[in-house]
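Q: Below is a structure I'd like to ask you about.
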Amino acid sequence: SNKIHCEPAIARELYDYFTFQVPGARFNPLVKAKKWDGKIHLFHNTTQLLHGGLNHYVEQFAEERNYTVDYLTDFSPEQFTLEDARAFCDKLQLTLEPRDYQLDAFVHAVQQRRALLLSPTASGKSFIIFLLVMYTLMKTNGRTLIVVPTTSLVHQMISDFQSYTKMDIRHLCQKIMEGHSNFVNKKIVVSTWQSIYRLPRKWFDAFNIGVGDEAHLFKSKSLTTILGRLVTCDYRYGFTGTLDGTHTHRLVLEGIFGPSYRDWE
């Protein structure tokens, strides 16, 4: 999350601006019991914290009111070109040729460090994830956490990764799911959300790269909690085939992962 320094009156405006009624919330037991107002508050005017992926909405808020925004931290894009991407792919001993839209998505995600990528079926989403994971690992020598919804996708993701390169990368990959230890000893950890959402916050400090696959399923509190605990992540990417059409859902996902991006047509 980012800290927004502003006057109390503007903080109240931001609180209202980033407050949304959840569709169908009136049927929620917590609302019926009057323990929840049925709204999501993305900005908290007491802490003045807002998810980092929503900076562009703050700029929109300010422009509409003739306010100015000064950044105290450098959020400028990382320098990474299409030529850099092709040169990096040449190092990976790939078994397939990247498509132009895959390279474009790869470049965009690296430049922004955070992104929610809208990826329809058969777009080669796992291959883009592979490129991002290998790039950030080689650059930072850190660890990646990839969260998927099912155990079958844990196996599939690691199998896909190995199929993309002639190099043996199995020694880099670790599965965490039911029946497996949650002790982290590899560079790439693929897990179901159910296996890790109860783990202590300190466990997540091992990772500086976070990837959420099938991010349209990241609506439950457990999943958003997982991504919220990845406070040490310099790179954070979400992949989804669809958004459910509600403004609230888009803002929650963009807050976690960064602005949405589509370049598949």
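Q: When residues of the range 199-247 are filtered for being more than 16 Å from residue 114 (Cβ to Cβ), out of contact with any Lys or Arg (no Cβ under 6 Å at 6 or more places or on another chain) and modelled with pLDDT under 85, how many remain?
A: 15
Q: So how many residues does the range 110-141 have that are more than 18 Å from residue 89 (Cα to Cα) and either at pLDDT 90 or above or open to solvent by 50 Å² or more (accessible area, probe 1.4 Å) (or both)?
A: 6
Q: Further question: Considering only the range 11-21, how many residues are open to solvent by less than 60 Å² (accessible area, probe 1.4 Å) and either closer than 20 Å to residue 252 by Cβ or in contact with a Phe, Trp or Tyr (Cβ under 7 Å, 6 or more places away or on another chain) (or both)?
A: 5
Q: Taking the conditions exactly as written (open to solvent by 100 Å² or more (accessible area, probe 1.4 Å), closer than 22 Å to residue 225 by Cβ and under 21 Å from the mean Cα position of the chain (by Cα)), does residue 3 satisfy them or not?
A: Yes; evaluated as a whole, the condition is true for this residue.
Q: Sticking with this one: Restricting attention to the range 10-49, which residues are of a type outside the set (D, E, K, R) and in a strand (DSSP E or B)?
A: Within the range 10-49, 19, 20, 21, 40, 41, 43, 44, 49 meet the criteria.
Q: Right, next: State yes or no: is residue 168 of a type in the set (Asp, Glu), closer than 23 Å to residue 136 by Cα, open to solvent by less than 40 Å² (accessible area, probe 1.4 Å) and modelled with pLDDT of 75 or more? Give the derivation first.
A: Details: of a type in the set (Asp, Glu): yes; closer than 23 Å to residue 136 by Cα: yes; open to solvent by less than 40 Å² (accessible area, probe 1.4 Å): no; modelled with pLDDT of 75 or more: yes.
In short, no.
Q: Report yes if some residue within the range 33-53 is of a type in the set (A, V, I, L, M), in contact with an Asp or Glu (Cβ under 9 Å, 6 or more places away or on another chain), surrounded by fewer than 17 Cβ atoms within 10 Å (Cβ to Cβ) and more than 18 Å from residue 65 (Cβ to Cβ); otherwise report no.
A: no
Q: For residues that are without any contact (Cβ under 8 Å) to a residue 60 or more places away in the chain and part of a helix (DSSP H, G or I), scanning just the range 50-72, find the one that is nearest to the chain's Cα centre (by Cα).
A: So the residue we want is 55.
Q: Hey, another quick one. Scan the range 108-115 and tell me whether some residue there is of a type in the set (Lys, Arg), under 20 Å from residue 136 (Cα atoms) and touching a Lys or Arg at 6+ places or on another chain (Cβ under 8 Å).
A: yes
Q: List pairs: first residue in the range 1-13 and farther than 14 Å from residue 59 by Cα and at pLDDT below 90, second residue hydrophobic (A, V, I, L, M, F, W, C) and surrounded by fewer than 16 Cβ atoms within 10 Å (Cβ to Cβ) anywhere in the structure, Cβ distance under 9 angstrom, at least six positions apart or on different chains.
A: Close Cβ pairs (under 9 Å, with a partner that is hydrophobic (A, V, I, L, M, F, W, C) and surrounded by fewer than 16 Cβ atoms within 10 Å (Cβ to Cβ)) amount to 1/49; 1/231; 3/49; 3/72.
Q: Within the range 188-205, which residues are within 19 Å of residue 129 (Cβ to Cβ) and surrounded by fewer than 19 Cβ atoms within 10 Å (Cβ to Cβ)?
A: Selection gives 195 alone.
Q: Please go through the range 73-128 and give me each residue that is in a loop (DSSP other than H, G, I, E, B) and of a type in the set (S, T, N, Q), ordered by number.
A: Residues satisfying the conditions are 73, 76, 79, 81, 93, 95, 119, 121, 123.
Q: Residue 128 versus (1) of a type in the set (A, V, I, L, M, F, W, C); (2) in contact with a Ser or Thr (Cβ under 9 Å, 6 or more places away or on another chain); (3) under 18 Å from residue 206 (Cβ atoms): which is the lone unmet condition?
A: Going through the list (1) of a type in the set (A, V, I, L, M, F, W, C); (2) in contact with a Ser or Thr (Cβ under 9 Å, 6 or more places away or on another chain); (3) under 18 Å from residue 206 (Cβ atoms), residue 128 breaks only (3).
The values are calculated or read from the model by the stated rules, or taken from the named source; none is laboratory data. Computed from a predicted model, the values in this text were never measured in an experiment. For neighbour counting, all protein chains shown are included, and Cβ atoms are generated from backbone atoms with ideal geometry for every residue, glycine included. When the accessible area is computed, the model is the full protein with side chains, heavy atoms only, and any ligands, DNA or RNA have been set aside. Shrake-Rupley method; radii C 1.70, N 1.55, O 1.52, S 1.80 Å.
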